[in-house]
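Here's the structure, in structure tokens; my notes come after.
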Amino acid sequence: MVLFSDEVKQAYKENPQYDAPIVPVPAFSEEEQKVIAIQGEAITKHRDEEIAKFIIGKRDLSEWDAYVQEIEDLGVQELIDIYEEAYNRMQEAELN
């Protein structure tokens, strides 16, 4: 009894070349996790709401710079810094 045709077997052999590379997720400290949870949630919520407004026309594209400032005021730079620090720690650990 044959479970797979030759075509299916060949597809399984060729498929890995099309898989996206696995990107490791950096480890965050407990404090970093708290910041990501609180600020990240606020930023994501605001982003989703405001982008929807831009898309449906409730917010004019001339307000884009104001939107960017709103995201910055919510602390996006702190999140970027946290991710960069965690990434750098991960890179250092891989090199050692």
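Let me know the number of lysine pairs in the chain closer than 30 Å at the Cα, not counting same-chain pairs under 8 apart. Please list the in-between numbers first.
Details: Lys34/Lys45; Lys34/Lys53; Lys45/Lys53; Lys45/Lys58.
Final tally of qualifying lysine pairs is 4.
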Subject >> the chain: most fluctuating residue of Val68, Val76, Val35 per GNM, C-alpha cutoff 10 Å >> reply: Val68
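Among rounded, prolate and oblate, which fits the chain when a ≥ b ≥ c are the square roots of the eigenvalues of its C-alpha gyration tensor, a/c under 1.5 means rounded, and a/b larger than b/c means prolate?
Cα axes put the chain in the oblate bin.
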Subject >> Helix-only CD estimate at 222 nm, as mean residue ellipticity for the chain, using -39500 (n - 2.57) per DSSP H run (n ≥ 4) >> reply: -23000 deg cm²/dmol
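Considering Cα pairs under 8 angstrom that are at least six residues apart, work out the relative contact order of the chain and quote it in whole percent. Could you put the intermediate results ahead of the total?
Details: 29 pairs, mean separation 37.8, N = 96.
Contact order relative to length: 39 percent.
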Subject >> Glu85/Asp19 FRET efficiency (R0 30 Å; Cβ-Cβ; nearest 0.05) >> reply: 0.55
Subject >> Gap separating the Cα centres of region 72-89 and region 39-68, nearest whole Å >> reply: 20 Å
Subject >> Inter-probe distance in nm under a simple model that places probes 7 Å from Cα toward Cβ, at Gln77 and Ile56 >> reply: 3.3 nm
Original post:
Helix hunt in the chain: which complete DSSP H runs extend at least 18 Å axially by C-alpha with mean Kyte-Doolittle at least -0.5?
Top reply: 30-56
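The numbers here are math on the coordinates, done by the rules we state, and not lab data. For clarity, every value in this text was computed on a predicted model and none was experimentally measured. Ideal geometry is used to build each Cβ from the backbone, glycine not excepted, and the neighbour counts take in all protein chains shown.
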